[in-house]
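Coordinate-derived values only; no laboratory data. Source: prediction; values computed, not measured. Positions of Cβ are generated from backbone atoms using ideal geometry, with glycine treated the same way; all protein chains shown enter the neighbour counts.
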Amino acid sequence: MMEDLNVRWLYEKVHRRCVLVHSPPCKQVLLMDDLIATGGTLCSGIELVKSCGAEVTECCCMVELKALRGRDRCLAAGAKSVWGFISEELLIIKAKLPDDYVDDGAAH
């Protein structure tokens with residue numbers, strides 16, 4: 001019953017994201033998200049994992065918005081490591097188009 005309540009709580013807390021509960025209970029968990037901004041979603045997940053008696057060994061994401069310091073919040077909540085696949089700096093690089101480029105208006 002308690003596990004059902006925890007899953008329901010996390011489901012509501014993390015903006016209706018999917019939760020996978022592993023059985024038999026595991027002791028070490030990797031949490032993944034698409035983006036770490038403030039760290040709120042992952043911190044909610046860390047709290048749920050801890051309440052089930054396990055430890056979050058890593059949090060990972062596709063992109064981390066470093067200025068919002070979500071990494072620090074996740075580490076303070078108990079994650080042992082936090083990392084991202086893509087640096088946010090790559091998202092702001094503007095590609096240079098050839099001088100003779102003309103947009104034909106079609107989707108490609």
Neighbour cut-off at most 16 other Cβ (10 Å), DSSP loop, trypsin sites (Lys or Arg not before Pro), the stretch 49-108
Arg69, Lys80, Lys94, Lys96
For the stretch 50-56, Karplus couplings with θ = phi - 60° (6.51, -1.76, 1.60), whole Hz, Gly/Pro x:
5, 5, 8, x, 10, 10, 8
Value of Rg to Rh for the stretch 16-88 (Rh from inverse mean 1/r over Cα pairs, i.e. Kirkwood):
0.96
Hey, what do the phi angles of the stretch 69-74 turn into as Karplus ³J(HN,Hα) couplings, whole Hz, using 6.51/-1.76/1.60 and θ = phi - 60°, x for Gly and Pro?
6, x, 4, 4, 5, 5
Please list the non-local residues whose amide H lies under 5 Å from the amide H of Ser81, H modeled 1.01 Å from N, same-chain partners needing a gap of 5 or more.
Glu58, Cys59
Short version: ³J(HN,Hα) in whole Hz for each residue of the stretch 94-108, in order, from phi by Karplus 6.51 cos²θ - 1.76 cosθ + 1.60 (θ = phi - 60°), x for Gly and Pro, what are they?
9, 6, 8, 8, x, 4, 8, 5, 10, 6, 7, x, 8, 6, 10
Mean Cα-pair separation over length for the stretch 16-88, i.e. relative contact order, pairs under 8 Å, 6 or more apart, %:
33 percent
Given a Förster radius of 30 Å and the C-beta distance between Lys50 and Phe85 as r, what FRET efficiency does 1/(1 + (r/R0)^6) yield to the nearest 0.05?
0.75
